[in-house]
Amino acid sequence: MFSNNLQIFINKLKHSIKTRNLVDNIMILNNRYGNEYLKLAEQILSIMEVMNLDSYNITKKYIIDYIKQASSFLREGNYGHKSFNEIKKTIYDNEDVMMQIYMPGLLTAYISMLNLYTKYDFFMKKFLPMINDNSIGIDVGFGEGFYLWKILENTKNVRCNGMDISPYAIEFTTNLLTCTKIKSNRYNLYLGDINKKINCQEKSQDFVVLAEIIEHLEKPERAIMEISPMLKRGGILFLSTVINNNHMDHISNFESPDVIEEMLVRNGFNILESCIHSVQDDFPNSLDKAVGLAYVCRLG
């Protein structure tokens, strides 16, 4: 059923009380998505091996932090994190955290986190087919480079640039795109801060990706306000985020999907497709209240 790499990964997960629940997620993903899921899992595990990163140990560290943050949220009822500038100093500007835990942890999470994979499947089926060949776009806050990679891998002539606040995101994503043999003339990665005015020509982009970003910001709507002028009229946006899902760098929580949808509409977007997935959809007795959200929108 599983490739050798994935079976070894699963066996290791089973042997730790901290990670064994992830095996249930993998089984659901395999049953639900079949070969599409298996292909991605094998790709990620192979990339991690080429990058000389231990998939299991990184996943374990990432999940231990996830459990810690989730427990804190259940106790306190809020994320309780420091300011964005403090998070930037302790995480985004910290080479060890970014290169050994955060970036590779996010990449491997697509193998075993239902919310993330569900949003990825939505992205592949609803957003990606809307990107015309020869179009140009930008991934704002590309992080570990997952969506940037998938856009470039699944198109021939599309050019997609990437902006992120961390130099280590640029380093990690460059390594990822090199490992996956994406031609360097199809993208440009550069430093930028969505909290500030973005240096991007108005009405120059056919599409924008804003994946798993707004929950990291003190003023999440500002990011959407910054993106609107970049897009050509009729340009498309993929936005994803999460509710009730604490993490080492999450700042803003949202009461409901309506809050996100109202922000999009206020800034000129028409919502074409949406995806809402709760952890409790698959595990009704779980204490984990996380709800993943993803939207495909068109600028009106």
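Throughout, read-outs are computed from the coordinates displayed, never taken from laboratory work. Just so it is clear, the structure is predicted and the values come from calculations on it, not from any experiment. When we count neighbours, we look across all protein chains shown, and the Cβ atoms used for this are built from the backbone with ideal geometry, even at glycine.
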### Message
As a test, work out the antiparallel percent of DSSP beta bridges whose residues both lie in the chain, rounded to the nearest 5.
### Response
50 percent
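On alpha carbon coordinates alone, what is the Rg over Rh value for the chain, Rh being the Kirkwood radius?
0.93
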## Note on the structure
Expected sort for 282-291, 47-56 on mean C-beta neighbours within 10 Å, highest first, is 47-56, 282-291
### Task
Mind listing the long-range amide H neighbours of residue 165? Cut-off is under 5 Å, sequence gap 5 or more, other chains count too, H placed in the peptide plane at 1.01 Å from N.
192
## Note on the structure
Taking 247-259, 143-155 and ranking on average Cβ neighbours within 10 Å, highest first, one gets 143-155, 247-259
### Query
What's the extension gain from residue 42 to residue 11 if we count 0.36 nm per residue and subtract their Cα-Cα distance?
9.7 nm
### Task
Could you give log10 I(q)/I(0) at q = 0.16, 0.29, 0.34 Å⁻¹ for segment 243-286, computed by the Debye formula over C-alpha point scatterers of equal weight, without solvent?
-0.60, -1.08, -1.14
### Task
Read phi for every residue in segment 212-219 and hand back ³J(HN,Hα) as whole Hz from Karplus 6.51 cos²θ - 1.76 cosθ + 1.60, θ = phi - 60°, with x for Gly and Pro.
6, 10, 5, 6, 8, 10, 6, 10
### Query
Calculated from DSSP H runs of 4 or more alone, at -39500 (n - 2.57) each and per residue, what is the 222 nm mean residue ellipticity of the chain, nearest 500?
-13000 deg cm²/dmol
#### Entry: Per-selection Rg to Rh, segment 4-112 - Cα, Kirkwood hydrodynamic radius
1.01
### Query
Stretch residue 156-residue 188 to full length: gain in nm at 0.36 nm per residue minus the Cα-Cα span?
9.9 nm
### Query
Roughly how many nanometres apart are two label points built 7 Å out from the Cα toward the Cβ at residue 130 and residue 178?
3.4 nm
### Summary
As straight-line cross-link partners of residue 197, the qualifying lysines (C-alpha separation under 20 Å, not fewer than 8 residues apart within one chain) are 88, 219, 232
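In which sequence would 116, 107, 74, 128 go, from the one with the fewest C-beta neighbours within 10 Å to the one with the most?
With the sparsest Cβ surroundings first, the list reads 74, 128, 116, 107.
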#### Entry: segment 136-189-segment 81-115 distance, computed between alpha-carbon centres (Å)
17 Å
### Task
Please list the non-local residues whose amide H lies under 5 Å from the amide H of residue 189, H modeled 1.01 Å from N, same-chain partners needing a gap of 5 or more.
162
### Task
Could you run the Karplus curve 6.51 cos²θ - 1.76 cosθ + 1.60 with θ = phi - 60° over segment 182-189 and give me ³J(HN,Hα) per residue in whole Hz, x for Gly and Pro?
7, 5, 5, 7, 9, 8, 9, 9
### Query
Under 12 Å Cα-Cα from residue 82, which aspartates and glutamates qualify once same-chain neighbours fewer than 8 residues away are excluded?
218, 249
